[in-house]
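This report concerns only the one structure given below.
The values are calculated or read from the model by the stated rules, or taken from the named source; none is laboratory data. On a predicted model such as this, the values are computed, not experimentally measured, just so you know. For neighbour counting, all protein chains shown are included, and Cβ atoms are generated from backbone atoms with ideal geometry for every residue, glycine included.
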Amino acid sequence: MNFLSDTSPLVLVLALIVAFFLWGAGYRLYKLAVFFLGFLAGFTLCGGIINTFLPAPPIPGIIIQVVFGLAVGAVSFLVVKVGLFVAAACAVFMILSGLLERLGMAGLIIAFASAVVAGFIATKADKPVIIVITGILGGFAIPMILYRLAGTAAFDTSFLPPERSLVVIAVEVVLSVAGILIQFASNREKNKE
């Protein structure tokens, strides 16, 4: 289950912009990134709960999702440890749920358990964890969002490799490493000034 599978092109473009900021400047924009990730986590979690109990969520269901997402985002923004937990958990869950999608429910359980463990580990560190989390999250999100955007376009995308192919995963890993290196380099230069 991918949280961006049925998303409008406008939301995908906004998500792509946020993914680029996370990828290249996640540490500098940490508070904003954590608010967004908290909102996304709360919105998605609440949506999953609502969709479990209501087959077609009405407009009030979406309002509840937005309110819950804003609440989780605000707590993540205001309490640094909660923000680190949410950011790490979101990053690990997003990546693993995509990679383990073929396993169905077992893949989701593994992704969720790993996300919780990563969240607790992240609360023990600070700057390096933020840089690594945002670099990886952006590096994996950018290709995923681009695939979703290509799916909404009116042109043929059959020439692209499958979304979970080794080529795409390699691109995600290279982007992640590049984002991490860019952030460490830019933050080292900022600390020298």
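So that you can scan it fast, the table gives a plain yes or no per residue for (1) among the aliphatic types (A, V, I, L, M); (2) more than 18 Å from the chain's Cα centre (by Cα); (3) surrounded by 15 or more Cβ atoms within 10 Å (Cβ to Cβ); (4) at pLDDT below 85:
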site	(1), (2), (3), (4)
ILE136	yes, no, yes, yes
GLY139	no, no, yes, no
LEU149	yes, no, yes, yes
LEU160	yes, yes, no, yes
LEU166	yes, yes, no, yes
GLU172	no, no, yes, no
inquiry  = So in region 18-53, with the set limited to residues that are under 17 Å from SER186 (Cα atoms), aromatic (Phe, Trp, Tyr) and in a helix (DSSP H, G or I), which one is modelled with the lowest pLDDT?
reply    = TYR30
ask   = Among VAL116, VAL177, VAL132, which is the only one that is modelled with pLDDT of 80 or more, within 17 Å of PHE21 (Cα to Cα) and either surrounded by fewer than 16 Cβ atoms within 10 Å (Cβ to Cβ) or over 17 Å from the mean Cα position of the chain (by Cα) (or both)?
value = VAL177
ask   = Of everything in region 70-89 that's closer than 19 Å to GLY47 by Cβ and touching a residue at least 40 places away in the same chain (Cβ under 8 Å), which residue is surrounded by the fewest Cβ atoms within 10 Å (Cβ to Cβ)?
value = ALA89
